[in-house]
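So the structure is just underneath, and the comments pick up after that.
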Amino acid sequence: MSPLQIYYWDVHNNFGDLINPWLWPKLMPEIDMEPLPKKEDGIVDAGDKDVLVGIGTLLNARFPKGRKLYVMGSGVGYGERPPLGDNTKIYCVRGPLSAKALDLPESYAAIDAGVLVNRFLPEAPSVKYKFSYMPQISSVVKCPGVWEKVCNELGFGYLDPTYSVDQTIQNIRETEVLLTESMHGAIIAEALRVPWIPIVTRQEILGFKWQDWCYSINEEYSPISVPPIYEKYKDSFLRNMKEKLSIQKAKSMLLKASKNKPTLGKESVLNSKSEYLLEKIELFREDYKNEPR
């Protein structure tokens, strides 16, 4: 039997996407799984293999092709709605906005499966930082090393979104409050019961997916704006001057953002939604076991 292919987006080695190969085999160890290779600029075709569409904003026009496709907690966003065929079974989606966008009953709105990392935690480390900051992956790609410098100068912990899942979990547990531009930084913080403050530096940040996630835990998305850091200038003098000024402004605004009241949803809501998601996973396990091949 061919392994179940896990579909997720991993172009930039983003930890939020790499939760998929870390988490799903732990949740369903009896199922042989492997990552589904992806193309950066096209739809992935798994041929006659079955596909688990997992964690991430994956329900769009780049929806994969395969023999059977199983959607478990994925979200809508980044373009047109997905071309769902008769071979696609949706067990649940990330939140109520995703359910509405796909004309599904609200009962399909569960929660991002990333919260289930809290089922597989080692002993808690000691807290090292009052505040830590995690930029979004594209902020790091555009400005490598710069946000780490900002955090070092502020005395904040720095969480690079390309860190491994294990390291990210540990680093979040080492902080009292996480400021995060990365949505999965907020999702994991929520799962670990670490208060978080959403940050936005660029217009490219997709508010829809954040709102979808926040509504799933009955919270509002109210991000704090921090100016972006200048990236590329042909003239070295101008580049250095602009970078220095933008770093100083980013430091000031990030420090100011840290004084805002952080978000932490009710634990009862998190537990209820997590149990609902686990029920859907158990239903999938039974369906997959009995699926003729």
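The values are calculated or read from the model by the stated rules, or taken from the named source; none is laboratory data. Treat the numbers as computed from the prediction; the structure is a model and nothing was measured. Quick reminder, even Gly has a Cβ in these numbers, built from the backbone with ideal geometry, and neighbours come from all protein chains shown. We work out accessible area using only protein heavy atoms, side chains counted, and drop any ligands, DNA or RNA first. Shrake-Rupley method; radii C 1.70, N 1.55, O 1.52, S 1.80 Å.
Tabulated data
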quantity: Scan of segment 233-268 for residues that are in contact with a helix residue (DSSP H, G or I) (Cβ under 7 Å, 6 or more places away or on another chain), assigned to a loop (DSSP other than H, G, I, E, B) and at pLDDT below 95, ordered by number; calculated: TYR233
quantity: Residues (among the basic types (Lys, Arg) and at pLDDT below 95) located in segment 68-115; calculated: ARG81
quantity: Pairs, first over 21 Å from VAL194 (Cβ atoms) in segment 258-285, second hydroxyl-bearing (Ser, Thr, Tyr), C-beta under 9 Å, six or more apart; calculated: LYS280/TYR91; ILE281/TYR91; LEU283/TYR91; PHE284/TYR70; PHE284/TYR91
quantity: Some residue of segment 67-77 being more than 23 Å from LEU116 (Cβ to Cβ) and either part of a loop (DSSP other than H, G, I, E, B) or touching a Pro at 6+ places or on another chain (Cβ under 7 Å) (or both); calculated: yes
quantity: Number of the condition not met by PRO227 [criteria: (1) farther than 30 Å from VAL53 by Cα; (2) modelled with pLDDT of 95 or more; (3) not aliphatic (A, V, I, L, M)]; calculated: (2)
quantity: Residue tally, condition modelled with pLDDT under 95 and open to solvent by 50 Å² or more (accessible area, probe 1.4 Å), over segment 185-207; calculated: 2
quantity: Hits in segment 1-25 (condition: within 27 Å of GLU181 (Cβ to Cβ) and not in a loop (DSSP other than H, G, I, E, B)); calculated: ILE6, TYR7, PHE15, GLY16, ASP17, LEU18, ILE19, ASN20, PRO21, TRP22, LEU23, TRP24
quantity: Number of positions in segment 1-55 that are basic (Lys, Arg), more than 19 Å from the chain's Cα centre (by Cα) and surrounded by fewer than 13 Cβ atoms within 10 Å (Cβ to Cβ); calculated: 1
quantity: Residues satisfying the stated conditions in segment 94-114, i.e. of a type in the set (A, V, I, L, M) and within 17 Å of ASP17 (Cβ to Cβ); calculated: ALA113
